[in-house]
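*Asks:* I am attaching a structure below and will ask some questions about it afterwards.
Coordinate-derived values only; no laboratory data. Predicted model only: the values in this text are computed from it and were never measured. Note that we place each Cβ from the backbone using ideal geometry, even for glycine, and neighbour counts take in every protein chain shown.
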């Protein structure tokens with residue numbers, strides 16, 4: 001795909017896509033076939049980054065809406081229009097990704113005999129968002145199924161199922177381009193009807209907003225797959241249909257990686273379209289880089305038997321900039337308010353009800369505007385809380401350290417509120433969640449006489465432990481190292497980098513080392529490499545790639561697989 005100015009990440013994706021396409025035309029060895037797994041994993045990682053960035057764009061619509069609504073006379077028609085289009089964009093994107101992954105899943109399932117969908121990666125609408133790792137495929141070199149499913153016996157006349165992939169991608173391209181080009185602005189009506197191919201693009205853009213034509217054209221071109229692709233056959237170039245160039249005699253892991261590349265193209269195009277739609281909303285945005293839920297009520301203290309209305313909102317702020325504050329405690333006259341920044345120290349010298357009134361400075365279009373606020377609090381016995389100091393989720397198969405707090409009580413106890421097992425430890429409690437996606441922990445304050453009072457329930461997200469990185473001695477996955485450094489590395493380590501604050505211990509139980517150019521891989525058990533493995537690595541020359549596939553044991557005892565790649569300098 002081509003067209004428009006590309007970011008460095010887009011260029012990297014395009015290069016990987018080109019390499020993938022070129023390798024499909026080769027009579028590849030098992031070693032290269034295994035490399036497709038690594039390429040696929042890199043594409044998946046890039047997709048996660050792009051998807052997260054696009055999510056931030058969608059979130060900025062709400063930021064702009066908040067800025068617009070600060071004016072009581074604000075007209076929300078523009079934000080309603082483009083945010084509605086963005087929602088439609090997101091819906092179309094989920095559907096095409098579901099289609100792409102469904103085709104890939106059907107292909108892999110036909111080879112492996114089991115459904116390849118990651119059951120934990122199906123959204124609330126039933127759309128597939130992720131498949132199981134390609135590393136788990138046994139028949140990686142099977143090329144009969146991709147050829148039979150999408151091509152058939154004549155590469156010049158591929159099956160309808162193969163041609164349908166091209167049709168679906170073009171339909172998605174057309175629907176999103178038309179979302180971008182059809183709208184009303186004031187008294188002007190702009191239209192855009194996507195042409196069947198690029199030859200009709202110039203005429204189709206004549207009715208669009210002149211300010212949009214360049215971006216719509218770039219989007220259209222970038223999402224256009226060629227109907228025919230030039231390939232080498234016996235040293236001569238010839239044009240073959242796109243499905244044949246992608247899937248004819250392609251090993252199944254290569255064909256699956258091609259579907260991942262298509263998914264990445266869709267995510268990248270979604271990001272481009274979402275940014276275009278956001279740019280159409282002319283409104284200041286509140287700068288923020290942190291978002292969390294904010295519960296609040298008229299007071300922080302009630303007597304037994306009373307009721308309290310609790311409101312929960314989303315709070316967003318910029319942690320890099322300290323906002324100016326004006327405030328007064330039980331003081332309604334702004335002329336008597338104090339000025340400060342950051343945290344306000346509230347008066348707790350005597351029991352009673354307090355009202356803090358004030359204003360916070362918010363930067364809008366480069367100017368500080370003060371927004372009023374008010375907070376009520378009561379000095380008295382506070383309620384209990386639950387904190388999870390290491391993380392904001394509970395991980396399956398991991399000893400999650402959980403602490404509680406119940407001020408006003410000499411002790412506290414935690415209990416299972418759903419999908420979690422709790423046991424006491426020297427540092428508090430250890431929480432072990434079950435198979436569900438959410439767990440609930442109850443906290444109670446325990447009095448001196450042993451009686452207890454329920455202080456609330458707290459919910460946590462439940463996730464599997466992240467996969468560890470595999471290091472060859474001190475050489476990390478994806479790194480380059482000299483021959484001398486590689487020869488000096490004799491042991492494999494599985495663990496998390498410093499930025500993941502989990503104290504999980506993994507054990508490498510078996511491995512397989514393969515080196516590009518070596519006649520065969522070497523296998524072994526434990527974390528130490530055998531002499532045979534060290535020899536084939538020592539013989540690796542500059543530019544050679546060393547691939548190590550490991551089976552490791554999680555803290556829970558479950559055995560999983562992870563691969564790592566190192567390049568010889």
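*Asks:* Just to be sure I understand: if I project the alpha-carbon convex hull of the range 385-464 onto a plane and average over all orientations, what area do I get in nm²? All intermediate terms of the calculation are to be shown ahead of the outcome.
*Replies:* Working: hull surface 19.6 nm².
Seen from a random direction, the Cα hull of the range 385-464 projects 4.9 nm² on average.
*Asks:* Given N residues in the range 469-568, what is Rg(Cα) / (2.2 N^0.38 Å)? Don't jump to the answer; show the numbers that get you there.
*Replies:* Details: Rg = 13.2 Å, N = 100, 2.2 N^0.38 = 12.7 Å.
Taking the Cα Rg and dividing by 2.2 N^0.38 Å, one obtains 1.04.
*Asks:* Quick one: if you stick a label point 7 Å off each Cα along the C-beta vector at residue 370 and residue 199, how many nm between them?
*Replies:* Placing both labels 7 Å beyond Cα along the Cβ direction yields 6.8 nm.
*Asks:* Between residue 124 and residue 182, what is the label-point separation in nm under the 7 Å Cα-to-beta-carbon projection?
*Replies:* Here the answer is 2.8 nm between the modelled labels.
*Asks:* Using the Cα gyration tensor of the range 35-84, with a ≥ b ≥ c the square roots of its eigenvalues, what is the shape: rounded (a/c below 1.5), prolate (a/b larger than b/c) or oblate (neither)? Show your work: numbers first, answer last.
*Replies:* Numbers: a/c = 10.61, a/b = 4.16, b/c = 2.55.
Prolate is the answer for the range 35-84, as a/c is 1.5 or above and a/b outweighs b/c.
*Asks:* What ranking of 437, 161 emerges when the number of other C-beta atoms within 10 Å of each C-beta is taken as an exposure proxy, fewest first?
*Replies:* On the way: 437 10, 161 15.
Listed from fewest to most nearby Cβ atoms, that is 437, 161.
*Asks:* So what's the convex hull volume per residue for the Cα atoms of the range 426-498, in Å³?
*Replies:* Per-residue hull volume (Cα only) is 155 Å³.
*Asks:* Here's something else I'd like to know. How would you rank 513, 362, going from fewest to most other Cβ atoms within 10 Å of each one's own Cβ? All intermediate terms of the calculation are to be shown ahead of the outcome.
*Replies:* On the way: 513 23, 362 19.
Taking fewest neighbouring Cβ atoms as first place, the list is 362, 513.
*Asks:* In Å and on Cα atoms, what radius of gyration and Dmax does the range 152-273 show?
*Replies:* Just the Cα atoms of the range 152-273 yield Rg and Dmax of 17.2, 61 Å.
*Asks:* In whole percent, what relative contact order does the range 469-568 give with Cα contacts below 8 Å and a gap of six or more residues? Display every interim value, and only then the final one.
*Replies:* Details: 214 pairs, mean separation 32.3, N = 100.
Computed value for the range 469-568: 32 percent relative contact order.
*Asks:* Could you list the residues of the range 176-208 with an amide nitrogen less than 17 Å from a label point located 7 Å from the Cα of residue 167 in the Cα-to-C-beta direction?
*Replies:* Answer for this model: 196-197.
*Asks:* If each residue's Cβ is checked for other Cβ atoms within 10 Å, how do 44, 270, 438 rank with the fewest at the top? Spell out each step's value before the answer.
*Replies:* Working: 44 17, 270 25, 438 13.
By the 10 Å Cβ count, ascending: 438, 44, 270.
*Asks:* Report the Rg/Rh value for the range 68-197, based on alpha-carbon coordinates and the Kirkwood definition of Rh. Can you show the working numbers first?
*Replies:* Details: Rg = 20.7 Å, Rh = 18.1 Å.
So for the range 68-197, dividing Rg by the Kirkwood Rh gives 1.14.
*Asks:* How many nm is it between the label spots at residue 53 and residue 483, if each spot is 7 Å from the Cα in line with the beta carbon?
*Replies:* Going from the residue 53 label point to the residue 483 one covers 3.9 nm.
*Asks:* Sort 519-528, 545-554 by the packing proxy (mean of other Cβ within 10 Å over each peptide's residues), most packed first.
*Replies:* Values: 519-528: 14.1, 545-554: 19.8.
Per-residue mean Cβ counts within 10 Å order the peptides as 545-554, 519-528.
*Asks:* Under the classification rounded if a/c is under 1.5, otherwise prolate if a/b is larger than b/c and oblate if not, where does the range 8-279 fall, given a ≥ b ≥ c as square roots of the Cα gyration tensor eigenvalues? It would help to have the intermediate numbers written out before the result.
*Replies:* Working: a/c = 2.46, a/b = 1.65, b/c = 1.49.
Prolate, since a/c reaches 1.5 and a/b exceeds b/c.
*Asks:* Here's a follow-up. Once each part is reduced to its C-alpha centroid, what is the distance from the range 185-242 to the range 29-103 in angstrom?
*Replies:* The two parts, judged by their Cα centres, are 22 Å apart.
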